[in-house]
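The values are calculated or read from the model by the stated rules, or taken from the named source; none is laboratory data. In this text the structure is predicted, and so the values were computed from the model without any measurement. Counting neighbours? That spans all protein chains shown, and the Cβs are built from the backbone with ideal geometry, glycine included.
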Amino acid sequence: MNRTRYRVILTLLGVALAAVVVGAALLTPNGTAPDLPDGVDSYAPLDGATVLRQTGVVVDLSPGYAIALTIDATAIPDAEIATIPETGRFSWVPGQGKTFEEWSPGFHVVEVTWDRATGLPDPGSLRWRFRVQ
């Protein structure tokens, strides 16, 4: 190979590397957390996320709260929601014998309302949507 061919190959590799770096910088999430209401530590899947069919819904609140979960305008019975009261973690996964046996492809809307289980009331709600592939 002659020098010109090496220069062309190295130039193309340099341009490809620069394109990868610029693409990664532009497509990387900005790292800002979503604005959460008081009492909510986190939730999943995030608003607007695209997830797989086996994904569950998780809401982490401060300890001492009780929730009501609604998915696609259908109330989920408390008996189907896995709860860890000491940490305030509530989760629900579709499955056999549950309100939804599996996620259908497309968008789903989740609404969570909560209030303190004991003591002074501190109600709140959060609504978001995600897409199942």
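Summary table below
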read-out: Exclusive hit being over 16 Å from the mean Cα position of the chain (by Cα) and assigned to a strand (DSSP E or B), set Ala16, Ala68, Ala79; value: Ala68
read-out: Out of Ala49, Ala33, Ala68, Ala44, sole residue that is surrounded by 14 or more Cβ atoms within 10 Å (Cβ to Cβ) and modelled with pLDDT under 95; value: Ala44
read-out: Residue in region 34-56 that is in contact with a strand residue (DSSP E or B) (Cβ under 8 Å, 6 or more places away or on another chain), more than 30 Å from Gly119 (Cα to Cα) and not in a loop (DSSP other than H, G, I, E, B) present; value: yes
read-out: Count of region 62-72 residues which are touching an Asp or Glu at 6+ places or on another chain (Cβ under 9 Å) and closer than 21 Å to Thr99 by Cβ; value: 6
read-out: Breaking point among (1) modelled with pLDDT under 95; (2) among the acidic types (Asp, Glu); (3) surrounded by 13 or more Cβ atoms within 10 Å (Cβ to Cβ); (4) out of contact with any Asp or Glu (no Cβ under 7 Å at 6 or more places or on another chain), for Asp122; value: (4)
read-out: Which numbered condition Trp103 fails, given (1) assigned to a strand (DSSP E or B); (2) under 19 Å from the mean Cα position of the chain (by Cα); (3) surrounded by 13 or more Cβ atoms within 10 Å (Cβ to Cβ); value: (1)
